[in-house]
Every structure is written in C-alpha cells, then in structure tokens.
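A.B. asks: Here's a structure for you.
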Amino acid sequence: MSEMPTPVLEPTVFQQRLLAWYDRAGRHDLPWQRQRTPYRVWVSEIMLQQTQVTTVIPYFERFMARFPTLEALAEATQDEVLHLWTGLGYYARGRNLHKAARQVVAEHGGELPVASLEAMAALPGIGRSTAGAIIAQSTGRRAVILDGNVKRSLARLHAVEGWPGRPAVERRLWALAEHYTPEQRVADYTQAVMDLGATLCRRGTPDCSRCPFADVCVAHARGEERRFPESKPKKALPTRTTLMLVLRDAEGRVLLEQRPASGLWGGLWGLPQFDDLAALRGWLDVHAPGAAIDPAWPAFSHTFSHFRLDITPQPARIGRLDAVGEARCWYDPGNPERIGLAAPVKALLASLAPFALAAPAEP
C-alpha cells in the first residue's frame, strides 16, 4: 500500500481554493486570533482538543483574564487551574497545561520553544499535530497539522479506507497533509483547513453544496460521504457503579476530598466514593463516628469515553467533625471556594442549599 493516496489536486490549486474559501467564509475573529502569541495559541489549541469552538470561547476568555501570561499560569496552584477548567472536560488537558507551563519556565526560560517542533511536541499534552498548529499560527512558519477535522476532510476527499486511528491509515493522512501544506500564509492555511472540517465537512452532516472541493471529492462522487472516515471499531461500553458520600455538618458544609493526581478526575475535588454501603459505613465509623445516614438520593449516570459511571449519592449528617484528615476539606455550597470539581460533583453541590434536607434534582 502506498504511503500516500493519489492527490485529487496539485498543492497550489488546493491551497488557492482553500484560502479563497477561507477569506470569504472562514473564522477570522476568534479570541486567540486577535493576539496570536504562542501562549494564547497554545492554550486555545489545548482547549480545542475534542471540544467545539463555541464551548471553548468563554473558558478561554476567563482563563486569559486570570492567567494572562505563561508565568502567571506556572505560578498558579493546580486547584486554581482546574477550577477554571471545571465543566470543560478531559481534565488531563488542564493538568498537562499547568505542568507544561512550569516545565517551560524551568527549561526554556518561560518562552514556549516554538523554534523546534520536536521541543514543542515533547511538552506534556502537546503532540505532533498540536505542536504544528501552535507553531504555524503563532509564528507563520510552515508546520503540518492533522487534527480530527483535517483527518475527516482528507479521508473523505480521497476516500481513504480504514479507521484513522490505525497507524497505517494515519500515515497516509499525514502524507496528504504534508503534500498540501504551503510555505506562505501558513497561519491562515492552518486555520482554514481546520475550519473546513469544523464548519463544512462535519462528522454527521457535511455541507457539500458549499464545499470548495465538492467537484473533486471522491467520497462525494460516490455518494458515500458518511462512510468516510471509518469509525473506530465499537466495543460495548462497560458500566461501573459507585456511592458518593454527601456528608454535611451542622453548618451545611459538605466534606470533599482531593482525588489522586492521575486517573479518573485526577487532582480534582470530589465526594468520597465507595463500592458499596458496607464500605461507606466502615469509612464513617473510622473517620466520622456518630454520623447519621439518610436515605439514598436517586442514582444518575455520567458517561466517559470508555465507560459509564452509575452514581448513587448517599447523604449523611454529623454535628461536628474537627479533624477531616489530609487532602480533605469542608466545602460551603453557599460560599463556594475556587477549586477544581468533578462535573457531577459540581452539579450536586450546586443543587445543595445550606441546611437543606431534601434530595437535589438529578444532575
């Protein structure tokens, strides 16, 4: 199998068509385009991984208001970073962003190493495509990208068989991306090729009538736009169950604990979790003797990319508990702290009024 499918257009023709469409219909006023510094572009690219532009914009603006420079981000605590990331999902991105900022300060004098694709790609949370996007958009130097939008567009345009997550298929798409990437107007080209997939060559409903490549698109000619790119082979989504302890004191505060740095909701604050009621009771006997357990609240589900978590909130009450142990704290829902919270925990806490005894509405 050839590393690169036969291109449907010469590179210059492809570039001319794409940039003409972008000049007319592309996105030119995104917040990170107004001041295209490496730092702002980097933060936006990390936030945009697996997240739509419309969702990212308010998070990006709040993040920039709090952390206007890389140094400010590096000096912040992880809790501050994750607090502003709460609700954006895929929290490892936020942890890696913070870790990378500190690494850049320690190893690169506080300046992102945009002169080197390899140095950029070596930072936590930055792979080959993200490094290329940061370099191209912040410096204008030629760097190739292959994010999900570009993969989809190129796979359809050339009817590339196979799931793009397979190494052989990804190599063919990288070869096409390399073939088409120009030497000039690289920042605009990079935004344009991402916009094409995000706004026209969409996953479920491609808008072929407005596509600048409809006349040469192999998938479109076959009427098989939705067949490309091939989907990841599906596996049954496993279900896990957990009890979340909602322990409140006489002041209406809720006991939270910080999760380990790695793994599910790594570094975020959440409710203590248990496999069953016996384990929960045993924990209370040790850490909160005398706590009264109330009837459980209705269960609800939270879906991750690789499993579904069925959560049953289990309320309990205690009059006073002075020592809560390391990595735990009392959280006042009526006067919330700026800490990173797991999404379902944030929803539960938001529904709790001080001293309320009724079960909250399902998140």
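A.B. asks: On average, how much accessible surface per residue is there in segment 21-105, in Å², for a 1.4 Å probe, leaving out ligands, DNA and RNA?
C.D. replies: 44
A.B. asks: Right, another one. Would you mind telling me the share, in percent, of accessible area of segment 251-322 contributed by carbon and sulfur at probe 1.4 angstrom?
C.D. replies: Of the solvent-accessible surface of segment 251-322, carbon and sulfur hold 50 percent.
A.B. asks: For the chain, find the longest principal axis of its Cα atoms and tell me its angle to the long axis of helix 167-180, 0 to 90°, nearest 10.
C.D. replies: 50
A.B. asks: Follow-up. Quick one: grab the alpha carbon gyration tensor of segment 248-363, order the square roots of its eigenvalues as a ≥ b ≥ c, and give me rounded if a/c is under 1.5, else prolate or oblate depending on whether a/b is larger than b/c.
C.D. replies: Rounded is the answer for segment 248-363, as its axis ratio a/c remains below 1.5.
A.B. asks: For the pair D23 and S262, what calculated FRET efficiency results from E = 1/(1 + (r/R0)^6), where r is the Cβ-Cβ distance and R0 = 35 Å, to the nearest 0.05?
C.D. replies: Working from the Cβ atoms, E equals 0.20.
A.B. asks: Next question, about the same structure. So with the 1.4 Å probe, I'd like the accessible area per residue for segment 219-363, rounded to whole Å².
C.D. replies: Roughly 54 Å² per residue, with all protein chains present.
A.B. asks: Any chance you could get the radius of gyration and Dmax over the Cα atoms of segment 110-223, in Å?
C.D. replies: 14.7, 51
A.B. asks: Counting helices only, and only those DSSP H runs with n ≥ 4, report the 222 nm mean residue ellipticity of the chain as the sum of -39,500 (n - 2.57) divided by its residues, in deg cm²/dmol to the nearest 500.
C.D. replies: Roughly -12000 deg cm²/dmol at 222 nm, from the helical runs in the chain.
A.B. asks: Additional query: For T54 paired with T6, estimate the spin-label separation in nm (one decimal), with each label point 7 Å from Cα along the Cα-to-Cβ line.
C.D. replies: Going from the T54 label point to the T6 one covers 4.0 nm.
A.B. asks: Turning to a different aspect of this structure: Ranked highest first by the average count of other Cβ atoms within 10 Å around their residues, in what order do 76-86, 298-308, 204-214 fall? If you can, show how the numbers build up before the last one.
C.D. replies: Values: 76-86: 19.5, 298-308: 12.1, 204-214: 14.3.
In descending order of packing, they fall as 76-86, 204-214, 298-308.
A.B. asks: To continue, here is another question. For segment 1-103, which whole-number percentage of the solvent-accessible area (1.4 Å probe, protein heavy atoms only) is attributable to carbon and sulfur atoms?
C.D. replies: Roughly 51 percent, rounded to a whole number.
A.B. asks: Okay, moving on. How long are the semi-axes of the ellipsoid equivalent to the chain, from square roots of 5 times the Cα gyration tensor eigenvalues, in whole Å, largest first?
C.D. replies: Semi-axes from the Cα gyration tensor: 45, 24, 17 Å.
A.B. asks: First select every other residue whose beta carbon is under 12 angstrom from the beta carbon of L321; then total the charges, Lys and Arg +1, Asp and Glu -1.
C.D. replies: +2
A.B. asks: Okay, next question. Using +1 on the beta carbon of Lys and Arg, -1 on that of Asp and Glu, and nothing else charged, what's the dipole of the chain about the Cα centre, debye to 20?
C.D. replies: Value, rounded to 20: 800 debye.
A.B. asks: While we're here: What figure, in Å² to the nearest 10, do you get for the accessible area of E178 with a 1.4 Å probe and non-protein molecules left out?
C.D. replies: Looks like 80 Å² after rounding.
A.B. asks: Moving on to the next point. Name all residues of segment 245-283 having a backbone nitrogen under 14 Å from the label point set 7 Å from the Cα of E326 along its Cα→Cβ direction, giving them as ranges.
C.D. replies: 258-261
A.B. asks: Give the angle, between 0 and 90 degrees and rounded to the nearest 10, that separates the Cα long axis of helix 38-48 from the longest principal axis of the Cα atoms of the chain.
C.D. replies: Once rounded, the angle reads 70 degrees.
A.B. asks: While we're on this one: Along the positive direction of the dipole of the chain (beta-carbon charges: Lys, Arg +1; Asp, Glu -1; about the Cα centre), which of W283, T6, F300 reaches farthest?
C.D. replies: T6
A.B. asks: For L341, which sequence-distant residues (separation of 5 or more, or a different chain) have an amide H within less than 5 Å of its own amide H, given hydrogens modelled in the peptide plane?
C.D. replies: Under 5 Å from the amide H of L341 lie the amide H atoms of T86, W269, each far enough along the sequence or on another chain.
A.B. asks: Same structure again: Note the angle between two axes, namely the Cα long axis of helix 53-66 and the longest principal axis of the Cα atoms of the chain, as a number of degrees from 0 to 90, rounded to the nearest 10.
C.D. replies: With both axes taken from Cα atoms, the answer is about 60 degrees.
A.B. asks: Using a Debye calculation, one point per C-alpha and no hydration shell, please list log10 I(q)/I(0) for segment 1-159 at q = 0.13 Å⁻¹ in order.
C.D. replies: So the normalised log intensities are -0.66.
The values are calculated or read from the model by the stated rules, or taken from the named source; none is laboratory data. As the structure is a prediction and not an experimental result, all values here were calculated from the model. Please note: Cβ atoms are built from the backbone with ideal geometry, for glycine as well, and neighbour counts cover all protein chains shown. Heavy atoms of the whole protein, side chains included, go into the accessibility calculation; ligands, DNA and RNA do not. Shrake-Rupley method; radii C 1.70, N 1.55, O 1.52, S 1.80 Å.
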